[in-house]
Amino acid sequence: MLKKDVRSHYKELRKNLSEDALLNASLSIANRTLHLPGFIWNLNYFHLFLPITEQREIDTSFILSILQGKDKTVVIPKVISATEMTHYLLLDNTRLIKNKWNIPEPLDGIEIEASKLEVVFIPLLSFDKKGNRVGYGKGFYDRFLDLCKPDVVKIGLSLFDAEEVIEDVGPHDKKMDYCITPDKLYSFSED
């Protein structure tokens, strides 16, 4: 499938999910994070997106609870331009507002450099069995991942299983190391 077709198809599938199905899928995905390789849980700086509820994205509050329970440092994004995000430490007193795309983001706070991050949970619409993802097409995460250290662990979160292949993957597209769905943990490591 081509990215544009994937986007259209998975937006429609998401739109048709019931609230209960979305909640159960989000909880299953969070529980499946506990099956990630042990070395990941030895890392400290975790980047987590907050969901656009209007787009029926995965409720990441369950993953947030796991990270906080494991005493991890959680960092969340803030869109600052049409091509760029900054990243802020999520604290108990962090005030969130929705931006023009309805993304909850910090009003202000302690900025964390992308190069400090060790694990990034990545939003997506779909992905393929090689670890390629399809997002909304604005390239925010591909540009952001360029700023991270080369060994940052990239973990996609998907409501649906993998497509066989996404045909029009470009050189700027960043592959994931893992992707978690309600039913499976995919690993895309080269070894």
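The values are calculated or read from the model by the stated rules, or taken from the named source; none is laboratory data. Computed from a predicted model, the values in this text were never measured in an experiment. Counting neighbours? That spans all protein chains shown, and the Cβs are built from the backbone with ideal geometry, glycine included. Calculation scope for accessible area: heavy atoms of the full protein, side chains included, ligands and nucleic acids excluded. Shrake-Rupley method; radii C 1.70, N 1.55, O 1.52, S 1.80 Å.
Residues that are farther than 21 Å from Pro37 by Cβ and either in a strand (DSSP E or B) or out of contact with any strand residue (DSSP E or B) (no Cβ under 7 Å at 6 or more places or on another chain) (or both) within region 114-128 comprise Ser115, Pro123, Ser126, Asp128, listed in sequence order. Entry remark, region 1-60: residues being open to solvent by 80 Å² or more (accessible area, probe 1.4 Å) and charged (D, E, K, R) number 7 in total.
If you take the residues in region 67-81 that are touching a residue at least 24 places away in the same chain (Cβ under 8 Å) and outside any strand (DSSP E or B), which one is farthest from His172 (Cα to Cα)? My answer is Lys70.
The set of residues from region 129-167 being hydrophobic (A, V, I, L, M, F, W, C) and either in contact with a Gly (Cβ under 8 Å, 6 or more places away or on another chain) or assigned to a loop (DSSP other than H, G, I, E, B) (or both) comprises Cys148, Val152, Leu159, Phe160, Ala162, Val165, Ile166. Pairing each residue of region 47-66 that is over 24 Å from Leu147 (Cβ atoms) with any residue that is open to solvent by 20 Å² or more (accessible area, probe 1.4 Å) and charged (D, E, K, R), provided the two are 6+ apart or on different chains, yields C-beta distances under 7 Å for Arg56/Lys15.
Remark: Gly170 matches the filter, which requires a residue to be under 18 Å from Lys4 (Cβ atoms), small (Gly, Ala, Ser) and either assigned to a loop (DSSP other than H, G, I, E, B) or without any contact (Cβ under 8 Å) to a residue 60 or more places away in the chain (or both).
Can you name the helices (runs of 4 or more DSSP H) wholly within region 1-42 that have at least 3 residues being free of Cβ contacts under 8 Å to residues at least 12 places away in the same chain?
In region 1-42, the matching helices (runs of 4 or more DSSP H) lie at 3-15, 19-33.
Every residue in region 91-113 that is open to solvent by 90 Å² or more (accessible area, probe 1.4 Å), farther than 19 Å from Tyr45 by Cα and in a strand (DSSP E or B), please. Matches in region 91-113: Lys98 only.
Apart from one condition, Glu54 fits all of (1) out of contact with any Ser or Thr (no Cβ under 8 Å at 6 or more places or on another chain); (2) part of a loop (DSSP other than H, G, I, E, B); (3) of a type in the set (D, E, K, R); the exception is (2).
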